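Reviewing the structure listed below.
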Amino acid sequence: MYASTDSISLPDVTPELRQQLFSYVLQLADTSLILAHRISEWCGHGPVLEQDLAMANISLDLLGEARSYYQYAAELEGQGRTEDDLAYLRPAVEYRNPLLVEQPNGDFAHTILRQFLYDCFHYHLLVQLQAGPDRHLAAIAEKSVKEAAYHIKWSSEWVIRLGDGTDESRRRLEKAIGSLWRYRGELTTPTTTEQTLQAAGFVPDYAAIQQQIDAHVARVFEEATLPVPQGVFMQKGGKDGRHSEHLGYLLAELQYMQRAYPGMKW
Amino acid sequence: MTQKEWPLWEVFIRSKQGLDHKHVGSLHAADAEMAIQNARDVYTRRLEGVSIWVVESKHVHASNPDDAAAFYEPANDKIYRHPTFYTVPDSIKHM
Amino acid sequence: METLEVNLEEQFQTRIDADVRIEPKDWMPDAYRKTLIRQISQHAHSELVGMLPEGNWITRAPSLKRKAILLAKVQDEAGHGLYLYSAAETLGATRDQMLADLHSGKAKYSSIFNYPTLSWADMGTIGWLVDGAAILNQVPLCRTSYGPYARAMVRVCKEESFHQRQGFEIMQTLCEGAPEQKQMAQDALNRWWWPTLMMFGPKDADSPNTEQSMKWRIKRFTNDELRQKFVDMMVPQAEFLGLTVPDPELKWNEAKQGYDFGDVNWQEFWDVVKGNGPCNHERLQARVDAWEDGAWVREAALAHAEKRKQRAGTAAA
């Protein structure tokens, strides 16, 4: 299910850098988990059975990716915490996912657009991480990039279908753009942790990724006959633990069992 | 509601290189691209395939079972098409 | 003309008796076609509605591993529904019509899914008991007389085998865990045991279609036979887990080499079948909502495909 990294030794870095790397891997893990969780809320309620299967696949891919990151984060930390400790026993302020992925599903157009905006970043990030100096991250990225390549294809096609479909689908997609575009900037705005790791060569340069994303968005929006929004103010904070009101509820559900029955095995 | 149903597609999967594509079932999709993606999501969740064909069901023409006798039985008595029909001396190898 | 029809029916039965599979374009009696459409679509609807009670716990699964397993399992159910709809479509039914029948309440689905999932242990119990019961029903159908149905069932059964195991594993973990966990497991068994026995349908004496269905080999064991088999299979497993089956009349019968067990509450069974189970309304409503809320999506995809076709046509011209 997840990339096998058991035989790879940890990167040889200073304790400070290792701490930063831990935070960053946790950010990747939280991001994949929260989005996987959101998509899994669709399960059984999709617009057509075939798409229920597709969305469950995407959710499973992201969940598997999250687990790989959590396991690696636990190793980097070296305090004996497990993937489940990291996912289930941290409060919202310690979660490091960007605001975009915690936004509620809304209607299908809203879910598709959220997915599309994330897929654009996710795919291009993984392409770069594959070639990075951290062999653990590179191995996880190498496995996940194949999945992400499928996700971006799926969500791009749906953006095109909905944009260039019926009046209603276009209206709904435009509404989603109005709600979600503001969260797009955070993905490629580096936090201090990301800046430190970029300087050390562990995290790719986001400016280059942004260009690739913009080119892809422009292509897809053109086919979808939609204008690319300009001059939108970008919200941020999730990657620093300052979340929207939605994350608390999501975690209350996600962590319910572990909080209600502490310390038990399942 | 009188909305039209998404077209039905027949799905064929090659389970590994070197084998034929085999019919595995059908699904609904609005277009061919979606049909291929749906086929991947529906029929290859357990590594069942390396290649997918889809064809809209309405384009499949089938023989009529009533013609079975006329179609297939004439092949029954043409045993000379099978290698075992011929005797070859034991001393002859590689044939 | 009439004799011709009679001959066809006789020939048809001869083929069935010789275990020759019937394929979509073969001649078949109308009643066979109708019964099959009803049976296969009911089964498909059960998979579809069956996603809901388990889907209820995906977002609350207690570990990442369990979350992934549960999501994969519920996804499999969507897949199984799809295989079965696709088998029914070879008989001339359309999926839209079958879904319309589900949504209007005309078509039935397995009553078991009209019970609520109240604790995590219900995920274990559904996998272990409910899927265990389903497998008993389904394995014989891999040899059913209608080819596409049999092939769909082969696929379903192959995938289903992990479902029961993961359910048992959840139960075992709970039963070997803290007292609260064991209590959770026992409570779930108490709630699910009788509804699971009802899954096999009414008693043979009250199941008038069984004889014809067995003759057509679209049913291979009677309801009571399967129910007995199930009890005999499950009681030792419950004992292994250290759980008590909630039936005071349950007793080993040496002479018949099987368990005697109490009578199902048939009043409850018929209440649920008639739509008055604890969750009938919300399960059906959830399906109707998903379908209606998805209408604009399906429409948009078709509209877009149509536009592309036209553009391709214009470009070629």
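The values are calculated or read from the model by the stated rules, or taken from the named source; none is laboratory data. Computed from a prediction, not measured in an experiment: that's the story for all the values here. A quick note on method: Cβ atoms are made from the backbone with ideal geometry, for glycine too, and the neighbour counts reach across all protein chains shown. Note: areas computed on protein heavy atoms with side chains; ligands, DNA, RNA excluded. Shrake-Rupley method; radii C 1.70, N 1.55, O 1.52, S 1.80 Å.
Does chain C come out rounded, prolate or oblate by the C-alpha gyration tensor, with a ≥ b ≥ c the root eigenvalues, rounded set by a/c under 1.5 and, if not, prolate when a/b is larger than b/c and oblate if not?
Oblate, since a/c reaches 1.5 and b/c is not below a/b.
Scattering from the C-alpha atoms of the range C:115-176 alone, worked out with Debye: what is log10 I(q)/I(0) at q = 0.16 1/Å?
With one equal scatterer per Cα and no solvent, log10 I(q)/I(0) is -0.55.
Measure up B:58/C:25; C:219/C:251; C:34/C:215 against 19 Å on the Cα-Cα distance and list the ones that go over.
Among B:58/C:25; C:219/C:251; C:34/C:215, the Cα-Cα distance tops 19 Å for C:219/C:251.
Over chain C, give the accessible area per residue in Å² for a 1.4 Å probe, as an integer.
Result: 43 Å² of accessible area for each residue.
When only C-alpha pairs under 8 Å and at least 6 residues apart count, what is the relative contact order of chain C, in percent?
Relative contact order comes out at 18 percent.
Calculate how steeply helix A:135-163 sits against the longest principal axis of the alpha-carbon atoms of chain A, using the helix alpha-carbon long axis, and give the answer as 0 to 90 degrees to the nearest 10.
So the helix axis and the longest Cα principal axis differ by about 10 degrees.
If each DSSP helix of 4+ residues adds -39,500 (n - 2.57) and the sum is divided by the residues in the protein assembly as shown, what number results at 222 nm, nearest 500 deg cm²/dmol?
It lands at -19000 deg cm²/dmol.
Can you list the lysines whose alpha carbon sits under 23 Å from that of residue C:256, skipping same-chain ones fewer than 8 residues off?
Reachable lysines: C:203, C:229.
Given the options B:23, B:61, B:82, state which has the largest fluctuation in a GNM of chain B using a 10 Å cut-off (strictly under) for Cα springs.
The residue that fluctuates most here is B:82.
Just to make sure I understand: if all protein chains stay in place, what is the order of C:118, A:33 by accessible area at 1.4 Å, largest first?
The residues order as C:118, A:33, largest area first.
Can you give the Kirkwood hydrodynamic radius for chain B, in Å, rounded to one decimal and based on Cα pairs?
17.2 Å
Which one of A:48, A:232, A:93 has the biggest mean-square fluctuation once chain A is modelled by GNM with Cα springs under 10 Å?
Greatest mean-square fluctuation among the candidates belongs to A:48.
Relative to the first principal axis of the alpha-carbon coordinates of chain A, what is the inclination of helix A:206-223, with its axis defined by its Cα atoms, in degrees from 0 to 90 and to the nearest 10?
Computed tilt is about 30 degrees.
In square angstrom, rounded to the nearest 10, how much accessible surface does residue C:37 have for a 1.4 Å probe?
For residue C:37, solvent-accessible area is about 40 Å².
Over the Cα atoms of the range A:13-260, what radius of gyration and what Dmax do you get, in Å?
17.5, 56
Non-local amide H neighbours of residue B:51 (under 5 Å, H modeled in plane, Pro and chain starts lacking H): which ones?
Residues meeting the amide H criterion: B:14.
Using the heavy atoms of the protein chains alone and a 1.4 angstrom probe, what is the accessible area of the range A:13-260 per residue in square angstrom?
On a per-residue basis, 35 Å².
Find the centroid of the Cα atoms in the range C:128-142 and in the range C:63-92, then give the distance between the two in whole Å.
Value for the Cα centre distance between the two parts: 15 Å.
Report the accessible area of residue A:146, computed with a 1.4 Å probe over the heavy atoms of all protein chains in place, in Å² rounded to the nearest 10.
140 Å²
Using the alpha-carbon atoms, what tilt in degrees (0 to 90, nearest 10) does helix A:49-77 show relative to the longest principal axis of chain A?
30 degrees
Can you list the lysines whose alpha carbon sits under 28 Å from that of residue A:175, skipping same-chain ones fewer than 8 residues off?
Cross-link targets: A:153, A:236, A:239, B:4, C:307, C:309.
Provide B:90, B:31, A:205 ordered by accessible surface of protein heavy atoms (probe 1.4 Å), highest first.
B:90, A:205, B:31
List the lysines whose alpha-carbon lies under 16 Å from that of residue C:182, not counting same-chain residues fewer than 8 positions away?
By straight Cα distance, residue C:182 reaches A:265.
Using a 1.4 angstrom probe and counting only protein chains, how large is the accessible area of residue A:194 in Å², to 10?
0 Å²
Using a 1.4 Å probe and counting only protein heavy atoms, arrange C:34, C:307 so the residue with the most accessible area comes first.
Of C:34, C:307, the descending order of accessible area is C:34, C:307.
In whole angstrom, note down how far apart the Cα centers of the range C:207-270 and the range C:15-42 are.
Rounded to whole Å, the Cα centres lie 28 Å apart.
Using only protein heavy atoms and a 1.4 angstrom probe, determine the accessible area buried between A and B, summed over both sides, in Å² to the nearest 100.
1100 Å²
Give me the net charge of residue C:151's neighbourhood, meaning all other residues with Cβ under 12 Å from the Cβ of residue C:151; Lys, Arg count +1, Asp, Glu -1.
Taking every other residue near residue C:151 into account, the sum is +4.
Hey, with R₀ at 30 Å, roughly what FRET efficiency would residue C:19 and residue B:76 work out to, going by the Cβ-Cβ distance, to 0.05?
Between residue C:19 and residue B:76 the formula returns 0.90.
Which of the trypsin sites (Lys or Arg not before Pro) across the range B:8-45 are loop residues per DSSP, with 13 or fewer other Cβ within 10 Å?
B:16
Could you check how much of the accessible area of the range C:72-157 is carbon and sulfur, as a whole percent, using a 1.4 Å probe?
61 percent
Quick one: if you take sqrt(5λ) for each eigenvalue of the C-alpha gyration tensor of the protein assembly as shown, what semi-axes come out, biggest first, whole angstrom?
45, 34, 26
Once each part is reduced to its C-alpha centroid, what is the distance from the range A:12-32 to the range A:216-261 in angstrom?
The range A:12-32 and the range A:216-261 have Cα centres spaced 21 Å from each other.
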